Structures are given as structure tokens and as C-alpha cells.
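Please read the structure below before turning to the comments.
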Amino acid sequence: MTATDRFRFTLAATDGRARTGRIDTPRGAIRTPAFMPVGTAATVKAMLPAQVRETGADVILGNTYHLMLRPGAERIDRLGGLHRFMDWERPILTDSGGYQVMSLAELRKLDEDGVTFRSHVDGSRHRLTPERSMEIQRLLGSDIVMAFDECPALPAPRERVAASMRLSMRWAERSRTAFGDRPGHALFGIQQGGLDEDLRGESAEALRGIGFEGYAVGGLAVGEGQEAMFRVLDFAPAQLPEDRPRYLMGVGKPADIVGAVARGIDMMDCVLPTRSGRTGQAWTRRGQVNLRNARHRDDPRPLDEDCTCPACARYSRAYLHHVVRAKEMIAATLLSWHNLHYYGALMAGMRDAIVDGGFEAWRRDFEADEALGDVEPI
């Protein structure tokens with residue numbers, strides 16, 4: 001096996017706890033810190049794959065649970081795998097389905113062996129275990145596979161969080177065994193433990209004992225708020241191996257992402273850029289902008305004069321306001337493209353600042369720009 005056939009993480013520079021580096025996979029490199037656009041059902045909503053790539057994305061995320069329901073993992077495998085199916089030839093990370101164990105609690109039954117779901121699509125019954133999750137992700141052909149886990153929404157009693165974490169660690173070991181030997185592919189373990197440093201330490205110790213190619217901080221962005229999340233990130237990343245990628249799942253707003261990178265996180269994902277784009281919301285260096293507001297209807301200026309995305313380079317705020325209010329499909333595409341472009345530029349700015357040793361100055365400028373708020377209407 002050649003170097004290009006392996007999964008490998010190289011740490012290039014640090015600045016405080018912030019890190020930048022590179023994950024090499026057979027399908028291409030992932031520059032870290034990295035934001036992963038979410039392609040839950042084999043599509044980043046409102047975007048073509050080539051457009052997603054133009055925003056600077058090196059890797060996207062797909063979801064085991066949703067692809068299991070439709071079109072089905074076996075069907076995707078027969079059609080050549082997820083990369084070919086959705087025309088994305090770069091790396092793909094697949095969520096194990098563990099998030100749906102929490103988010104679809106009213107539609108599932110949990111036991112020691114796994115989870116039985118009632119489909120939110122048609123009511124049909126489906127079974128997910130660590131072994132089946134690994135099988136589905138193998139059929140999909142994803143480059144980075146997530147261990148199957150379970151976590152409660154927060155706040156939750158310590159006893160519930162501890163029991164959930166220990167079940168997830170038993171499932172992590174079963175996931176590792178079921179994953180087997182897959183050169184060029186990686187399995188990430190997921191740290192749990194809620195907001196408790198001791199429980200997170202116990203989880204990290206268990207995961208290190210099993211051994212994974214990367215490690216995720218799971219069970220955050222589930223209702224605890226930014227302040228509590230940052231308190232956990234003040235200690236959780238350091239509990240995980242320094243020489244492996246650290247992935248914060250399901251985060252988030254630009255300020256969340258910057259704060260996570262400052263605390264040692266390498267990878268993040270969130271539906272927010274595209275979900276916001278579909279509802280007329282744009283993220284800019286000066287914060288969030290609601291294009292539905294009438295203040296934009298006569299404004300000839302771009303959404304962000306420093307942005308080079310198509311929405312900013314070719315269209316006015318007045319036009320974006322019009323297509324949003326008229327519910328034209330182009331509105332979702334333009335604003336999703338802009339948001340992903342902004343997130344991509346955010347990650348690139350942090351990578352450069354870490355290499356230059358100026359991350360804290362960059363961060364202060366980011367916070368100052370956000371505090372200014374949107375430009376005044378003309």
C-alpha cells in the first residue's frame with residue numbers, strides 16, 4: 001500500500017491550542033481546521049457538487065440513518081457507491097445514525113444490542129446495531145466512518161449521562177471489531193459524557209484503549225448552550241490523542257466554530273449554512289442578515305462587498321430580497337452558496353492565522369466585525 005492509499009493525519013502548526021494540519025485519504029486531502037457541509041440524503045441541499053467544491057469544501061457528510069431508509073445502502077452499493085451516486089469524488093464522512101437515536105426518541109426503542117426505529121417516512125421498522133451501522137457505511141463506501149453511539153439531550157441527570165456513555169463505549173468496541181481491516185478508510189470513536197469532566201475522561205480512556213484513526217467530541221450542541229459547550233471544550237479535546245483528528249459533531253454558528261478551533265478542534269459539521277440559506281438568512285463577517293426584511297428591497301449593494309461568491313459578485317441585496325420573498329428556487333441556491341463560501345473563507349482564514357502565529361489577533365478581529373452588525377440601509 002502506497003502513502004496515498006493510507007489515511008494519515010499530519011499536524012502542521014499550532015498557535016495556543018488552535019491547530020492546523022492535513023488529513024490525507026485516497027480520495028484527496030482534507031485541510032484542517034475543516035468545515036464539512038452536510039449532505040444528509042446524498043445531496044447538499046440546493047447545491048450541485050461542483051458548487052460545493054467551489055466554496056472550498058474538501059469533505060462532506062452523509063447520514064447512515066437517512067440513506068438506510070431511502071434509497072437504501074444496498075441499492076447505493078449496487079449503483080457504484082455513494083461517491084459515484086451523488087457525483088462527489090472527494091472524501092465523505094458518514095454519521096453512524098447515532099444522532100437519530102436521540103433526535104427521533106419518540107420513534108425508537110433502545111436496548112443493549114441496538115435500536116429499533118419506526119421510519120419517519122413510512123412507519124416501517126428498521127434495526128440499527130453497531131454491526132449494521134458498520135455494514136451500511138461500508139456499503140456506502142464512505143472514507144471516514146463513525147462508531148455507533150447513543151447520547152441524551154441535555155440537560156440530563158448524571159446517572160442517565162453515565163449509563164449512556166458506557167453503553168456507547170461498549171458499542172464503540174463492537175464498531176471497531178465490525179469495521180475490520182479497511183485500508184484507506186478510517187473509523188472515528190465518539191467521546192461522550194455530557195458536561196461532566198470525569199465522565200468525559202472515562203470515555204476518552206475507553207476509546208484510547210480501543211484505538212481509532214480519529215476521535216469525535218459528541219453529545220454537544222444538543223441543548224446545553226454555547227457557554228456550557230465551551231466549558232466542556234476547555235478540557236475535552238485534550239483528553240483525546242494529540243496525533244489524531246478531533247471532530248466536534250453538529251457545530252455550528254461561526255462564533256461556535258471559531259471558539260471550538262481556539263480550543264483544539266480540527267473538524268466540524270452543521271446543517272446551518274444551507275438551512276439558513278433556504279430560509280432567507282445569510283451569514284457574513286458582520287453577523288447574520290435576514291434578506292426577508294424590507295430594508296433590503298431598494299438596496300443596490302452586494303450582501304457583503306468583500307465576498308466573491310456569485311450571490312455577492314453578481315446580485316444586489318434588492319434582488320436577493322426579491323427572490324427570497326417570491327420564494328424562487330434560485331434564492332436557496334444563492335444564499336446557500338454564499339453561506340458555504342463564507343464558512344469556507346472562515347476556515348481558510350483560521351488556517352492561515354495559525355500558520356502565521358496570529359490566531360488570537362485574527363479572532364479578535366472576527367469578534368469585532370461580528371459585533372458591528374450588518375451595514376446600515378441606504
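Quick look at the values:
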| read-out | value |
| --- | --- |
| Residue exposure sequence - 144, 210, 76 - by fewest surrounding Cβ within 10 Å | 210, 76, 144 |
| Local electrostatic count at residue 218 - Lys and Arg +1, Asp and Glu -1, tallied over other residues with Cβ under 13 Å | -3 |
| Footprinting exposure proxy for 253, 109 (fewest neighbouring C-beta atoms within 10 Å first) | 109, 253 |
| Filtered GluC sites (Glu not before Pro), the stretch 287-378: DSSP coil and at most 13 other beta carbons within 10 Å | 305, 328 |
| Other-chain or far-sequence residues with amide H under 5 Å of residue 303's (modelled H) | 317 |
| For residue 19, distant residues with modelled amide H under 5 Å away | 264 |
| Difference of contour (0.36 nm per residue) and Cα-Cα distance, residue 196 to residue 6 | 64.9 nm |
| Inter-part distance where the stretch 318-378 and the stretch 81-113 are each reduced to a Cα centre, Å | 29 Å |
| Cβ-isolated cysteines (cut-off 4.7 Å), the chain | 151, 270, 309 |
| Simple label model, 7 Å out from Cα along Cβ direction - residue 234 to residue 89, nm | 4.8 nm |
| Under-5 Å amide H pairs with residue 151, H placed in peptide plane, nonlocal only | 102 |
| Rounded to whole Hz, the Karplus (6.51, -1.76, 1.60) HN-Hα couplings of the stretch 50-55, x for glycine and proline | 5, 5, 4, 4, 5, 6 |
| Dipole axis of the chain (+1 Lys, Arg; -1 Asp, Glu on Cβ), positive-most option in 85, 357, 255 | 85 |
| Considering only the stretch 3-270, percent of DSSP beta bridges that pair antiparallel, nearest 5 | 45 percent |
| Residue-span extension gain [residue 271 to residue 135] - 0.36 nm each, minus C-alpha spacing | 46.5 nm |
| Relative contact order for the stretch 180-275, counting Cα pairs under 8 Å that sit 6 or more residues apart, in percent | 25 percent |
| Helix-only [θ]222 nm of the chain, DSSP H runs n ≥ 4, -39500 (n - 2.57) each, per residue, nearest 500 | -12500 deg cm²/dmol |
| Phi to ³J(HN,Hα) by Karplus 6.51 cos²θ - 1.76 cosθ + 1.60 over the stretch 262-269, Hz, x for Gly, Pro | 4, 9, x, 8, 10, 9, 8, 8 |
| Size of electric dipole in the chain: Cβ of Lys, Arg +1 and of Asp, Glu -1, about Cα centre, debye, nearest 20 | 1060 debye |
| Relative contact order of the stretch 277-369, defined on C-alpha pairs under 8 angstrom at six or more residues apart (%) | 32 percent |
| Spin-label model distance (nm) - residue 308 vs residue 122, 7 Å beyond Cα toward Cβ | 4.7 nm |
| Rough spin-label spacing in nm, given labels placed 7 Å along Cα→Cβ, for residue 79 and residue 365 | 4.5 nm |
| Relative contact order of the chain, defined on C-alpha pairs under 8 angstrom at six or more residues apart (%) | 17 percent |
| Karplus-derived HN-Hα couplings along the stretch 189-204 (A = 6.51, B = -1.76, C = 1.60, θ = phi - 60°), whole Hz, x at Gly and Pro | x, 10, 6, 10, x, x, 9, 8, 5, 5, 5, 5, x, 4, 5, 4 |
| Calculated FRET efficiency for the pair residue 182/residue 227, C-beta based, R₀ 56 Å, to 0.05 | 0.90 |
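Readers should treat all values here as calculations from the given coordinates under stated rules, not as data from a laboratory. Only a predicted model underlies this, so the values are computations on that prediction, with no experimental measurement involved. Glycine also receives a Cβ, built like all others from the backbone with ideal geometry; neighbour counts cover every protein chain displayed.
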